[in-house]
Structures are given as C-alpha cells and as structure tokens.
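As structure tokens, the structure follows; a few thoughts come after it.
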Amino acid sequence: MWLRATCNLDFQMGTWTPLVLMLRPRSGAQQWVARESYMLSPSVPVAEYTDIYGNLCQRLVAPVGGFSIHTAAEVMTADAVDTAPGACFIEIQNLPEAVLAYLLPSRYCESDRFGEMARDIVAGAQPGYDQVACIDRWVRSAVRYTPGSSNVPISAIEVHARCEGVCRDLAHLGIALCRSISIPARLVVGYLYGLSPMDLHAWFEAYVGGRWYTFDPTQGEIRGGRVALAYGRDAADVSVFHQFGAGDTLAHMEVRVERLQGAPT
C-alpha cells in the first residue's frame, strides 16, 4: 500500500538549542520512499549523517522562540507483515557481524535478568521464530497496553513489574526476553496505519531464519502498513529528537498516516 506519513513538531526554545533528529525514513527491503518534504520554520542550517545503526539523522541548532518542524513522506510499504512459523534459530557463530550488537543487554533491555523466565515462556517451542511468537503472545497477555501511561522510557524490568505500558515499553520487554535466549532483537520506531490513538509507534524485530521479522505485542493481530523511521538496541538509540541543553520544550506534536489511492504522481 501507499501511505503518506506526516509529523509536525512545535518547540518553544528559551535559548539556542542543539537538536539531533531522526525523522527521515529510508528505502529498504520493506519500504520504498517515493517522495519527501522536510521544512523548518524559521529555516536554519542542517547537517545530515548516518548513525551506526543505519538511521538518517539531522543535526541543527534551533533558535530562541518558536521553532517548528514539518516532515512528510509518501512511502510504498507492505499490506501485510511477513511471518515464518518454523524459521530456524541461527547459532551465534553463524550470525552476521552487524547483528551481534542486538544480542547484548542494553540500557532499557536487561536481557541478562530474564533467562529463566524466557525459557519457561518458550518451553516446547521450536527454536527460532516459534519461540519469538511465544514471547510476543506472552507479553501481549501479561502486560496491558495503555497509550499515554508512560511519558519516559522505562526498562524491561520496570515494565514487567508494572504490568502496563506504552508500545515502546512492551517492545522493550519482548526484546529483553528474546536476547536472553540468544535471539537478536531490536527496537523499531515509525508509523503504523490505522493506529488508534494516532501517534508515533514502536515495535520490535527478531533475527531468525537469516532475516529480521516484525513482532508487535500491542496489536491483537500483526498487520502491515508500517513505515520505519529508526532502528536501535532500545529507546536510547531511536528517539525522533534528542534535545541538548534546557529541559523539554516540545509544545505540540501531531502525527498523521493516510492511505493514498495509487502511487504518487
């Protein structure tokens, strides 16, 4: 399907403030970016670079006073998410080097604390995709998905204790459980068509059967219509904006995802 995803950010800056943004999707195996717009008001110089996870990042210094960012992208993405029941577990010595970082504990995914729990959850499942599917179902049933319940990232241990969280929190727990049984897993932030209430969304991917597969414990049934903005070990790597200096000055944020009738012309 063709989607048009937009994100509007309005800031009120008390001083000149450095920002690092991750608001540009890039084309890949699961999506094709046909058209983009990226507008800043007032206009300021921007430098772009690619981080160690392959994300497109924009660096700028926002001026004092009102400052707004408007991004839009028209993207072809899959109507449905690929699934692969039975896809095999990849032994550590055979994993690509770029995947190895997603095996390790990270700030919000303390995978070294979940080994026994994860083995209980996946007991009897075939190693690989089927184990991740067990973890995805368990997180969905054990943790209540409550949009707006968490304003700051919390770790997998905290999510498990609270039994409630936003999309990012449920993904953190799923990632930690996967890594604890040596399955690489990473966080994805982006857009999901039909999400209610509409906002930026987070899910996770696991590396089994020689490729990454999508899992989303916030949704009763995994579905397509996803546009990925950023990938990383956890929320510390994939914030759509990092602000350096003064406290949070985001005054307003609006996200929209619309389905287009046919390809852009």
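Things to note:
- Percentage relative contact order, region 92-234, counting C-alpha pairs under 8 Å, at least six apart: 27 percent
- Relative contact order of region 118-165, defined on C-alpha pairs under 8 angstrom at six or more residues apart (%): 33 percent
- Values of log10 I(q)/I(0), in the order q = 0.14, 0.16, 0.17 Å⁻¹, for region 122-203 under a Debye, Cα-only, solvent-free model: -0.47, -0.60, -0.68
- Restricting region 4-109 to GluC sites (Glu not before Pro) that sit in a DSSP loop and have at most 16 other Cβ atoms within 10 Å of their own Cβ leaves Glu91.
- Selection from Phe89, Gly66, Met198, by position along the positive dipole direction of region 61-214 (Cβ): Gly66
- Order of Met22, Met13 - criterion: other Cβ atoms within 10 Å of each residue's Cβ, fewest first: Met13, Met22
- Rel. contact order, % - alpha carbon contacts under 8 angstrom, at least six apart, the chain: 29 percent
- Helix axis angle, 167-180 relative to the chain longest principal axis, alpha carbon, degrees: 40 degrees
- Highest-first packing order for the peptide set 218-226, 141-149 is 218-226, 141-149, based on the mean count of other beta carbon atoms within 10 Å.
- Charge tally for Met22 (other residues, Cβ to Cβ under 10 Å; Lys, Arg +1; Asp, Glu -1): -1.
- Here is how the number arises for the chain: DSSP H runs of 4 or more residues each give -39500 (n - 2.57), the sum is divided by the residue count, and the result at 222 nm is -4500 deg cm²/dmol.
- Rounded to 10°, Cα long-axis angle of helix 129-142 versus longest principal axis of the chain: 70 degrees
- Sorted by Cβ density within 10 Å, fewest first, the residues His242, His172, His160, His70: His242, His70, His160, His172
- Magnitude of the charge dipole for region 34-179, about its Cα centre and with charges confined to Cβ atoms of Lys, Arg (+1) and Asp, Glu (-1), is about 380 debye.
None of the figures in this text is laboratory data; all of them are computed from the coordinates on show. Only a predicted model underlies this, so the values are computations on that prediction, with no experimental measurement involved. Quick reminder, even Gly has a Cβ in these numbers, built from the backbone with ideal geometry, and neighbours come from all protein chains shown.
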